[in-house]
Amino acid sequence: MIASQCHTVIIAEYSEKKVVDMITDVEFFRIVNYVKSNYGIDLSQKKVLVTGRLDNYLARNGYESYSDFMSKVENKPDSKEVRDLIDNLTTNHTYFMRESEHFRFLKDIVLPEVKNSLANTKDLRTWCAAASTGEEAYTLAMIYKDFFALEDRLWDTTVLATDISTRVLEHAESGKYLKEQIEPLPDVWKRRYFRSVGTEECVVTDELKKQVIFRKFNLMDPLPFRQKLHVVFIRNVMIYFDEETKNNLVNRIYDMLVPGGYMFIGTTESIDKSKTNFKYVRPSVYRK
Ligand SMILES: C[S@@+](CC[C@H](N)C(=O)[O-])C[C@H]1O[C@@H](n2cnc3c(N)ncnc32)[C@H](O)[C@@H]1O
């Protein structure tokens with residue numbers, strides 16, 4: 001292609017792409033308030049993140065301004081626009097065996113205790129809150145399978161895993177991961193719980209998928225459990241909430257645990273001990 005033709009093509013492509021108006025302060029705080037009041041996530045200091053993640057989405061979907069988009073969001077609570085907003089603005093980073101000291105503590109301390117104390121019911125209730133793409137919940141399920149081994153069939157150790165982002169939940173349910181993502185797992189787990197799909201991907205086996213139920217749930221809503229829980233993993237999500245929202249959630253989790261139940265938070269997170277009845281067990285592990 002000669003230079004002048006090439007130039008014409010570039011100009012044509014450029015002019016087809018919609019350009020979104022720059023976000024105004026009013027528009028930015030409209031998004032901040034919406035996300036904070038509905039999902040607890042505090043984006044007030046995250047203007048670059050918000051525009052970095054939404055500019056292209058708005059342009060691709062034909063919006064001329066942030067106001068145009070936010071009017072749709074605010075008028076339709078269960079709409080695709082709201083789902084897209086959440087999918088774009090949540091941070092979903094996670095990986096298998098993340099903060100592995102928690103899984104070691106679970107296997108060495110919590111599960112032997114539970115095996116004794118729940119010997120009659122054999123019903124271990126675990127909630128993996130803010131599960132993102134599922135690596136954390138599947139790791140829990142593999143730990144349980146390993147620990148209960150031959151007695152596994154006698155126990156109900158199903159993990160309930162929740163998140164607000166539809167996109168990550170769909171990914172989690174598919175159980176598909178890149179082979180390099182499961183690399184840190186023990187070989188015996190890789191062979192037992194994953195099936196190869198093509199050269200680069202693998203998928204969680206049906207046996208493991210049955211151990212995890214994924215559901216959409218907003219942590220700002222009343223907790224949806226009929227029975228009290230034994231173990232709650234709520235890691236690396238409360239960093240996005242302000243202190244009041246976090247204290248309120250921690251206390252609702254406390255009420256939802258059986259006496260002696262455990263709560264695990266992210267290893268870089270902390271809770272205000274003066275605002276809760278949780279007993280400190282070790283860094284990032286608490287007990288009712
Ligand atoms: C960084 S990931 C943490 C994943 C996993 N827990 C871990 O530690 O690896 C945070 C997750 O919290 C979810 N989240 C944020 N606000 C939420 C809310 N109000 N209700 C439920 N999930 C929320 C996000 O969608 C995201 O997937």
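The values are calculated or read from the model by the stated rules, or taken from the named source; none is laboratory data. As the structure is a prediction and not an experimental result, all values here were calculated from the model. Here the Cβ is made from the backbone with ideal geometry for all residues, glycine too, and neighbour counts use every protein chain on show.
What pairs can you find where one residue is in region 133-157 and assigned by TED's automatic domain parsing to the domain that holds Pro184 and closer than 18 Å to Phe214 by Cβ, the other is among the hydroxyl-bearing types (Ser, Thr, Tyr) and surrounded by fewer than 16 Cβ atoms within 10 Å (Cβ to Cβ), and their Cβ atoms are less than 8 Å apart, with a gap of 6+ or different chains?
So the pair list comes out as Glu135/Tyr95.
Across region 204-252, which residue is farthest from the chain's Cα centre (by Cα) among those that are assigned to a helix (DSSP H, G or I), touching a residue at least 40 places away in the same chain (Cβ under 8 Å) and within 14 Å of the ligand (Cβ to nearest atom)?
Out of the qualifying residues, it is Thr245.
Starting from region 94-106, keep only residues that are within 20 Å of Ala172 (Cβ to Cβ), then list their pairs with residues that are within 13 Å of the ligand (Cβ to nearest atom) and hydroxyl-bearing (Ser, Thr, Tyr) whose Cβ atoms are within a distance under 7 Å, requiring at least 6 positions of separation or different chains.
Every condition considered, the pairs that remain are Thr94/Ser132; Thr94/Thr133; Phe96/Thr139; Met97/Thr139; Glu99/Thr267; Phe103/Thr139.
Name every residue in region 21-53 that is farther than 21 Å from Thr166 by Cα, of a type in the set (Asp, Glu) and surrounded by 15 or more Cβ atoms within 10 Å (Cβ to Cβ), in order of residue number.
Correct list: Glu27 only.
What single numbered condition from (1) under 23 Å from the mean Cα position of the chain (by Cα); (2) away from the ligand (no atom under 14 Å from the Cβ) fails to hold for Thr162?
The single condition Thr162 does not satisfy is (2).
Of Glu170, Glu151, which residue is under 25 Å from Met238 (Cα atoms) and not in a loop (DSSP other than H, G, I, E, B)?
When all the criteria are applied, what remains is Glu170.
Rundown of residues vs (1) loosely packed, with under 14 Cβ neighbours inside 10 Å; (2) under 26 Å from Thr205 (Cα atoms); (3) in contact with a helix residue (DSSP H, G or I) (Cβ under 7 Å, 6 or more places away or on another chain), yes/no style:
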{"position": "Arg83", "(1), (2), (3)": "no, no, yes"}
{"position": "Thr91", "(1), (2), (3)": "no, no, no"}
{"position": "Phe96", "(1), (2), (3)": "no, yes, yes"}
{"position": "Ser100", "(1), (2), (3)": "yes, yes, no"}
{"position": "Phe105", "(1), (2), (3)": "no, yes, no"}
{"position": "Lys115", "(1), (2), (3)": "no, yes, no"}
{"position": "Met142", "(1), (2), (3)": "no, yes, yes"}
{"position": "Ala149", "(1), (2), (3)": "yes, yes, no"}
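Just the residues that are without any contact (Cβ under 8 Å) to a residue 40 or more places away in the chain and either within 19 Å of the chain's Cα centre (by Cα) or over 20 Å from Ala130 (Cα atoms) (or both), please, taken from region 259-270.
Within region 259-270, Pro259, Met263, Ile265, Thr268, Glu269, Ser270 meet the criteria.
Have a look at Asn120, Asn75 and point out the one that is away from the ligand (no atom under 15 Å from the Cβ) and modelled with pLDDT under 95.
Asn75
Looking at region 68-116, which of its residues are aromatic (Phe, Trp, Tyr) and part of a loop (DSSP other than H, G, I, E, B)?
Once the filter is applied, which keeps residues that are aromatic (Phe, Trp, Tyr) and part of a loop (DSSP other than H, G, I, E, B), region 68-116 yields Tyr95, Phe96.
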